[in-house]
Amino acid sequence: MKMLKSFAAGLLAMSSLVGADQVIKRASLTQVTDFGSNPSNTKMYIYVPGNLASKPAVIVAVHYCTGTASAYYSGTPYAQLAEQYGFIVIYPESPYSGTCWDVSSTAALTHDGGADSNSIANMVTYTLSKYNGDASRVYVTGSSSGAMMTVIPLISEVNSSPEDLVC
């Protein structure tokens, strides 16, 4: 958890130093439809920078209620930072009316429970495999409902095997 806080603080610090005019997005936001099991019909969008690191970190950037993957891509610095540091950004998009995330159902709070969290986990697995990503450097960030979604992987892991949890 300490590493996640440090990473988030580092991203915020870097984002204040990097202006949109300093780093140009070279790639584009791309929808991926064949990332594996998708029980909740969550949409997957991905940004793979032009200067991809050899074993890239993966950031999952989860939008707010009423938001979209495209809006989060355009309104946050993650794509610009990906160009600078070589990591991949996954932008999931909620399938629900109002585009809030399921952060409270039993399915969402259960490891492999079949909700949005399950679909997002499959997006990460797909990305790590396809781009030879570093599984020890997968981070989740979000705003509003998306911020609530960042704790779901931790909760679902505690619910499935609390003895294996490392904080």
Inset, instruction - May I have the convex hull volume per residue, in Å³, for the Cα set of segment 24-161? - result: 93
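Let me know the shape class of segment 44-119, please: from the alpha-carbon gyration tensor, a ≥ b ≥ c as square roots of the eigenvalues, rounded when a/c is under 1.5, otherwise prolate if a/b is greater than b/c, or oblate. Before the final figure, lay out the partial values.
Working: a/c = 3.37, a/b = 1.66, b/c = 2.03.
Because a/c hits 1.5 or more and a/b fails to exceed b/c, segment 44-119 counts as oblate.
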Inset, instruction - Hey, can you grab everything whose amide H is under 5 Å from the amide H of TYR139? Only 5+ residues off in sequence or another chain; H modelled, so Pro and N-termini drop out. - result: VAL58, ILE59, VAL60
Legend entry - Estimated inter-spin distance, SER97 and THR125, nm [label 7 Å along Cα→Cβ]: 3.2
Legend entry - Sorted by Cβ density within 10 Å, fewest first, the residues HIS63, HIS111: HIS111, HIS63
Inset, instruction - Compute the length gained on full extension between THR110 and GLN31: take 0.36 nm times their separation in residues and subtract their Cα-Cα distance, giving the result in nm to one decimal. - result: 25.8 nm
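Any read-out appearing in this document is the output of simple, stated calculations on the displayed coordinates, not a laboratory observation. Please read these numbers as outputs of a predicted model, since none were measured by experiment. Backbone-built Cβ (ideal geometry, glycine too); neighbour counts: all protein chains shown.
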